[in-house]
Amino acid sequence: GWYPGWQPMFSKGWGKGKQKKNDPATTVWLGGLPAEQASVERNKALVEHMKQAGNCKFVKVGKSGTGFAVFSSAEEVQTAIATLNGSNFQGSIIEVDVWTKKEA
């Protein structure tokens, strides 16, 4: 059934409505991956690739070949951008950049 009053409270009070938003400080933007090849397997392999820079917790890349990776700390984000931007992943030269430029 439907519970009156439950939905508004849920959307307002659950993590202040930010559960879907990435923290720019711990998120990097990813690009340069082949489009139309998105897969769970590739995302998992990309997590392993990103772990060269630190504790990569999560990667999501869509059909466009762009996406994001989430790290534990802002320091790891800086390391990832410095060391993995321009790196070779499965035959593609990938871009790793700050997340904030995509929200401007």
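Quick notes on this structure:
- Flag if Val96 is touching a residue at least 60 places away in the same chain (Cβ under 8 Å), open to solvent by less than 20 Å² (accessible area, probe 1.4 Å), under 13 Å from the mean Cα position of the chain (by Cα) and within 18 Å of Asn22 (Cα to Cα): yes
- Top-ranked residue in region 47-75 [being farther than 14 Å from Asn85 by Cβ and among the aliphatic types (A, V, I, L, M); ranked as surrounded by the most Cβ atoms within 10 Å (Cβ to Cβ)]: Val61
- Among residues of region 66-98 being touching a Ser or Thr at 6+ places or on another chain (Cβ under 8 Å) and not in a strand (DSSP E or B), the one that is nearest to Glu36 (Cα to Cα) is Ile94.
- Some residue of region 6-14 being at pLDDT below 95, within 17 Å of Trp99 (Cβ to Cβ), open to solvent by 30 Å² or more (accessible area, probe 1.4 Å) and not acidic (Asp, Glu): no
The values are calculated or read from the model by the stated rules, or taken from the named source; none is laboratory data. On a predicted model such as this, the values are computed, not experimentally measured, just so you know. Quick reminder, even Gly has a Cβ in these numbers, built from the backbone with ideal geometry, and neighbours come from all protein chains shown. When the accessible area is computed, the model is the full protein with side chains, heavy atoms only, and any ligands, DNA or RNA have been set aside. Shrake-Rupley method; radii C 1.70, N 1.55, O 1.52, S 1.80 Å.
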